[in-house]
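Below is one structure, written out as structure tokens, with a few remarks after it.
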Amino acid sequence: MKPAISSDKEKTPRAARAPTVLYAAAALLSLLGLADAIYLTIQHVTGQSVRCTIISGCSEVLSSSYATIGSVPLALVGAGAYFCVFSLATMAAFGYRSARQLMMLAVAPMFAVTLWLIYLQAFVIGHFCQFCLFSAAITTLLTVISFIAWRR
């Protein structure tokens with residue numbers, strides 16, 4: 001005889017929980033990206049030099065003409081993008097379907113800009129910034145997670 005009260009595991013099969021886990025991971029990753037972008041924004045606004053501890057080149061990258069859009073630090077734009085993805089990923093984890101679609105639409109241009117910025121660092125500026133590469137890795141992971149979750 002089957003019990004009258006079923007467990008939560010029976011109600012939520014593993015395949016149904018997988019997107020929730022993916023979106024929760026995306027929310028956590030976007031918080032890391034947000035922290036990185038806020039740090040770089042604060043350093044830019046206060047005029048402090050960012051020190052690279054793993055590789056050299058942060059000063060060259062962050063003081064280049066590509067580090068701002070007009071007078072707005074590119075890191076501030078990144079912070080806004082990461083906050084947007086965090087919000088959408090959180091809503092998607094709670095089952096909001098439209099947030100899932102919007103998150104994919106938000107992450108796609110972030111990934112395109114990331115590829116452009118890596119190109120600039122490698123071939124135009126000639127230096128790399130560890131904080132920028134960290135952000136690029138996070139954005140790449142967000143893109144992969146978004147694509148996997150979208151396919152499910």
- Task: Would you tally the net charge around Ser146, using a Cβ to Cβ cut-off of less than 15 Å, leaving Ser146 out, and scoring K and R as +1, D and E as -1?
- Result: +4
- Item | 3J(HN,Hα) from dihedral phi, the range 33-44, Karplus parametrisation 6.51/-1.76/1.60, rounded to Hz, x for glycine, proline | x, 4, 4, 4, 5, 5, 4, 5, 5, 4, 4, 5
- If you line up the long axis of helix 130-151 against the longest principal axis of the chain, both from Cα atoms, how many degrees apart are they, to the nearest 10? 30 degrees
- Note on the structure: Cα-based Rg/(2.2 N^0.38 Å) for the range 32-87, rounded to two decimals, is 1.12
- Item | Highest-MSF residue in the chain out of Ala136, Ala37, Ala18 [GNM, Cα springs under 10 Å] | Ala18
- List every residue whose amide H lies under 5 Å from the amide H of Thr68, counting only residues 5 or more places away in sequence or on a different chain, with H placed 1.01 Å from N in the peptide plane. Leu74
- So how many Å³ per residue does the convex hull of the Cα atoms of the chain work out to? 125 Å³
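Laboratory data are not the source of any read-out in this text; all were calculated from the coordinates shown. Since the structure is predicted, the reported quantities are computational estimates derived from the model, not experimental observations. Note that we place each Cβ from the backbone using ideal geometry, even for glycine, and neighbour counts take in every protein chain shown.
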